[in-house]
């Protein structure tokens, strides 16, 4: 068996997800698709840890600022500034306030295509436009316009790594190597073994 099934990704159930008692529902969706949890901790994140998380990619602030400016222009609105870094700083400040408001559940998940599958199950960043059947599409009504009007971060329940490379950086940020547990689930024989052996033994 090859190692493709050992891909790992980071998931954080944000404070709104914990407060709305959606932890079991969210974990259940990941387990049902065949993914395996390899680490989990309930914490109240510190503001510095959140800022570091969102700036692991040094270009993240600029990218999020540019996307926000594009969104304003597309809607025929004037952005608050033309400097994407200023907008990026505003977004990070709002995220720090949101993510430190209460307990959050930080998890590492493992399995074939873990990053891609979890992003698909979670849905788009904006719950309002997320597909029915996704976690955000099924359980949240928030929108960019509502969050902007309130001057806050969008409440979308979950953070999930956007790429395999991003996942590697984020996992190291949140977990030590000894916190990530290697173990085998019985179901992995059904999911990954070339021949389904031993069922009738």
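We did not get these values from a lab; they are worked out from the coordinates using the rules stated. These figures come from a predicted structure and were not determined experimentally.
Which one, 13, 158, 87, has the greatest fluctuation when you compute a Gaussian network model over the chain with C-alpha springs under 10 angstrom?
87
Hey, what angle do you get for helix 23-32 against the long axis of the chain, alpha-carbon based, 0 to 90 degrees rounded to 10?
Roughly 50 degrees, rounded to the nearest 10.
Taking Cα pairs under 8 Å and at least six residues apart, what relative contact order does the chain come out at, in percent? Spell out each step's value before the answer.
Working: 296 pairs, mean separation 68.2, N = 201.
Once normalised by length, the contact order is 34 percent.
Only Cα pairs under 8 Å and at least 6 apart count here; give the relative contact order of the stretch 58-101 as a rounded whole percent. Walk me through the intermediate numbers first.
Working: 33 pairs, mean separation 19.6, N = 44.
Relative contact order of the stretch 58-101: 45 percent.
Using just the helices of the chain, give the 222 nm mean residue ellipticity in deg cm²/dmol: DSSP H runs with n ≥ 4 each add -39,500 (n - 2.57), and the total is spread over all residues, rounded to 500.
Details: 10 runs with 92 residues, N = 201.
The helix contribution divided over the chain gives -13000 deg cm²/dmol.
For the stretch 58-101, what is the largest minus smallest coordinate of the Cα atoms on each principal axis, given in angstrom and ordered from greatest to least?
33, 22, 13
On C-alpha positions alone, give me the angle between the axis of helix 84-99 and the longest principal axis of the chain, in degrees, nearest 10.
60 degrees
Where the centre of each part is set by its Cα atoms, how far does the stretch 52-99 sit from the stretch 109-146, in angstrom?
So the two Cα centres are separated by 20 Å.
Scaled to the compact-protein estimate 2.2 N^0.38 Å, what is the alpha-carbon radius of gyration of the chain, rounded to two decimal places?
Values: Rg = 18.4 Å, N = 201, 2.2 N^0.38 = 16.5 Å.
With N residues counted in the chain, Rg over 2.2 N^0.38 Å equals 1.11.
Return the whole-Å distance between the Cα centroid of the stretch 157-201 and the Cα centroid of the stretch 18-33.
Using only Cα atoms to place each centre, the spacing works out to 17 Å.
Against the longest alpha carbon principal axis of the chain, how many degrees, from 0 to 90 and to the nearest 10, is the axis of helix 164-174 turned?
Approximately 90 degrees, to the nearest ten.
For a quick check, take a GNM of the chain with Cα springs below 10 Å and name the residue from 134, 55, 78 with the largest mean-square fluctuation.
The residue that fluctuates most here is 78.
Over the stretch 122-177, what is the relative contact order in whole percent, taking alpha-carbon pairs under 8 Å and six or more residues apart? Spell out each step's value before the answer.
Details: 56 pairs, mean separation 13.8, N = 56.
Relative contact order, the stretch 122-177: 25 percent.
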